[in-house]
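The values are calculated or read from the model by the stated rules, or taken from the named source; none is laboratory data. Note that the structure is a prediction, hence the values are computed from the model and not measured. All Cβ positions, even for glycine, are placed from backbone atoms using ideal geometry, and neighbour counts span all protein chains on display.
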Amino acid sequence: MEDKKLTRFGVSMDEKLLQSFDQIIEEKGYQNRSEAVRDLVRDAIFQHSLSKNNEIVAGAILLFYNHHQNKLVNEMMTIQHDYHDNIIATTHLHIDHHNCLELIVVKGIPADLRALSDKLITLKGVLYGKLTASPLV
Ligand code: NI
């Protein structure tokens, strides 16, 4: 087996977030935080690699957001109209008085879907967002 050099690095995060992460680590059965973080990094690299080829893929963008956030809904709508060629369907669920869940079904080359997803997920007021896509084979 190839001898791999390990590098340590420090991560700062708020205590509540870390507690939630530790709970997931325990439930999934990871031996330690490092192993869990390595898996997250591998997944991030895999997801990012999707943006480097030009095959048509289909997938969905899941967004969880507070619709009271100033201008958020308008900005979200403008971005989605800019990408109308890639958007097949959207479903909006009013989770409670403040929060909405939106599922946007998408199709196109990974770079376009990634760009659309990044624009939506980085909007102020979006609490969680994720793009999942799969090759059409
Ligand atoms: Ni809503």
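Quick one: which of ASP96, ASP14, ASP85, ASP22 is surrounded by 11 or more Cβ atoms within 10 Å (Cβ to Cβ) and among the acidic types (Asp, Glu)?
Sole residue among the options that is surrounded by 11 or more Cβ atoms within 10 Å (Cβ to Cβ) and among the acidic types (Asp, Glu): ASP22.
Taking the stretch 33-88, which residues are among the hydroxyl-bearing types (Ser, Thr, Tyr), modelled with pLDDT under 90 and more than 19 Å from VAL105 (Cβ to Cβ)?
SER49
Scan the stretch 99-125 residue by residue and report those that are within 15 Å of GLN69 (Cβ to Cβ) and either away from the ligand (no atom under 14 Å from the Cβ) or at pLDDT below 95 (or both).
Correct list: LEU120, ILE121, THR122, LEU123, LYS124, GLY125.
Does ILE95 satisfy the criteria of being more than 16 Å from the ligand (Cβ to nearest atom) and either at pLDDT 95 or above or over 23 Å from LYS124 (Cα atoms) (or both)?
No.
Do we have ASP82 as more than 21 Å from HIS48 (Cα to Cα), more than 12 Å from the chain's Cα centre (by Cα) and within 15 Å of the ligand (Cβ to nearest atom) here?
No.
Consider only pairs whose beta carbons are under 9 Å apart and that are at least six residues apart or on different chains; among these, list those whose first residue lies in the stretch 91-106 and is part of a strand (DSSP E or B) and whose second residue is of a type in the set (D, E, K, R) and more than 10 Å from the ligand (Cβ to nearest atom).
Between residues of the stretch 91-106 that are part of a strand (DSSP E or B) and residues that are of a type in the set (D, E, K, R) and more than 10 Å from the ligand (Cβ to nearest atom), the close pairs are VAL106/ASP112.
Here is a list: LEU63, LEU72. Which entry is in contact (Cβ under 8 Å) with a residue 40 or more places away in the chain, touching an Asp or Glu at 6+ places or on another chain (Cβ under 7 Å) and assigned by TED's automatic domain parsing to the domain that holds GLY129?
LEU63
Which residue out of LEU72, LEU123, LEU116, LEU103 is surrounded by 13 or more Cβ atoms within 10 Å (Cβ to Cβ) and in contact with a Gly (Cβ under 7 Å, 6 or more places away or on another chain)?
LEU72
If you go through the stretch 57-66 one residue at a time, do you hit one that is in a strand (DSSP E or B), touching a Phe, Trp or Tyr at 6+ places or on another chain (Cβ under 6 Å) and within 16 Å of the ligand (Cβ to nearest atom)?
yes
Could you list, ordered by first residue, the pairs with Cβ atoms under 6 Å in which the first is in the stretch 21-44 and within 15 Å of VAL11 (Cα to Cα) and the second is outside any helix (DSSP H, G or I), at least 6 apart or interchain?
From residues that are within 15 Å of VAL11 (Cα to Cα), the pairs are ALA36/TYR30.
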